[in-house]
Amino acid sequence: MAEDIQEEIKKVADRITGCRFVCLVGYDGIPVAQHIIEANFDVSLYDAEISSIMLSSREVRKSLDLGAERELIWLTENSYFIIHPVGDDFFVYSCLKATGSNPGVARIELNKAKQVIQKIIYPDT
């Protein structure tokens, strides 16, 4: 199971132009799988901080009765983050270079990976 998830994360990262890394993380901030292509920083720290964003987003979504969260996109001066919830316990996200990357491909690949990972983690749903 863990090897299948790791392989899926690696495939996604390798398919995205300008990808720095792709991670599957629990809402507790603990990484399940990572594939790092280019990062000169502690990716696990990013995992924990993105988890905080996702927990806040979850609370806002529930408070405003916005329905199921499908994707969160966050663009900063240096990075482009695309985040997809996977069930109630995890999320998969990519960190791309702010310029020279392909966010459209990243969105498609993460959506495909989300479905595969969801079947691995939650086989009975």
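Output the number of residues of segment 1-22 satisfying the condition of being surrounded by 13 or more Cβ atoms within 10 Å (Cβ to Cβ), among the aliphatic types (A, V, I, L, M) and not in a strand (DSSP E or B).
Residues meeting the conditions: 5.
Can you spot a residue in segment 98-107 that is in contact (Cβ under 8 Å) with a residue 40 or more places away in the chain, open to solvent by 60 Å² or more (accessible area, probe 1.4 Å) and of a type in the set (G, A, S)?
Within segment 98-107, one or more residues are in contact (Cβ under 8 Å) with a residue 40 or more places away in the chain, open to solvent by 60 Å² or more (accessible area, probe 1.4 Å) and of a type in the set (G, A, S).
In this structure, is E71 among the charged types (D, E, K, R), surrounded by 15 or more Cβ atoms within 10 Å (Cβ to Cβ) and in contact (Cβ under 8 Å) with a residue 12 or more places away in the chain? Working first, answer last.
Values: among the charged types (D, E, K, R): yes; surrounded by 15 or more Cβ atoms within 10 Å (Cβ to Cβ): no; in contact (Cβ under 8 Å) with a residue 12 or more places away in the chain: yes.
Judged against the criteria, E71 is not a match.
Checking the condition open to solvent by 70 Å² or more (accessible area, probe 1.4 Å) and modelled with pLDDT under 95, which residue from T76, T125 passes?
After ruling out the rest, the residue left standing is T125.
Could you figure out which of (1) in a helix (DSSP H, G or I); (2) more than 20 Å from G18 (Cα to Cα); (3) touching an Asp or Glu at 6+ places or on another chain (Cβ under 8 Å) isn't true of A113?
Of everything listed in (1) in a helix (DSSP H, G or I); (2) more than 20 Å from G18 (Cα to Cα); (3) touching an Asp or Glu at 6+ places or on another chain (Cβ under 8 Å), A113 misses just condition (2).
Just wondering, is there one or more residues in segment 53-64 that are open to solvent by less than 60 Å² (accessible area, probe 1.4 Å), out of contact with any helix residue (DSSP H, G or I) (no Cβ under 6 Å at 6 or more places or on another chain) and part of a loop (DSSP other than H, G, I, E, B)?
no
Let me confirm something: among V25, V92, V43, V116, which residue is surrounded by 14 or more Cβ atoms within 10 Å (Cβ to Cβ), out of contact with any strand residue (DSSP E or B) (no Cβ under 7 Å at 6 or more places or on another chain) and either in contact (Cβ under 8 Å) with a residue 12 or more places away in the chain or of a type in the set (F, W, Y) (or both)? Write out each step before concluding.
On the way: V25 fails: out of contact with any strand residue (DSSP E or B) (no Cβ under 7 Å at 6 or more places or on another chain); V92 fails: out of contact with any strand residue (DSSP E or B) (no Cβ under 7 Å at 6 or more places or on another chain); V43 fails: out of contact with any strand residue (DSSP E or B) (no Cβ under 7 Å at 6 or more places or on another chain).
It is V116.
What are the residues in segment 18-52 that are within 16 Å of D89 (Cβ to Cβ), among the hydrophobic types (A, V, I, L, M, F, W, C) and touching a helix residue (DSSP H, G or I) at 6+ places or on another chain (Cβ under 8 Å), if any?
First, the residues of segment 18-52 that are within 16 Å of D89 (Cβ to Cβ): 23-33, 47-48, 50-52.
With among the hydrophobic types (A, V, I, L, M, F, W, C) added as a condition, the list becomes 23-25, 30, 32-33, 48, 50.
Matches in segment 18-52: C23, L24, V25, I30, V32, A33.
Out of (1) touching a strand residue (DSSP E or B) at 6+ places or on another chain (Cβ under 9 Å); (2) outside any loop (DSSP other than H, G, I, E, B), what's the single condition that is false for S101?
(2)
The values are calculated or read from the model by the stated rules, or taken from the named source; none is laboratory data. As the structure is a prediction and not an experimental result, all values here were calculated from the model. All Cβ positions, glycine included, derive from the backbone under ideal geometry; neighbour counts span all protein chains shown. Note: accessible area is taken over every heavy atom of the protein model, side chains too, but ligands, DNA and RNA are not part of it. Shrake-Rupley method; radii C 1.70, N 1.55, O 1.52, S 1.80 Å.
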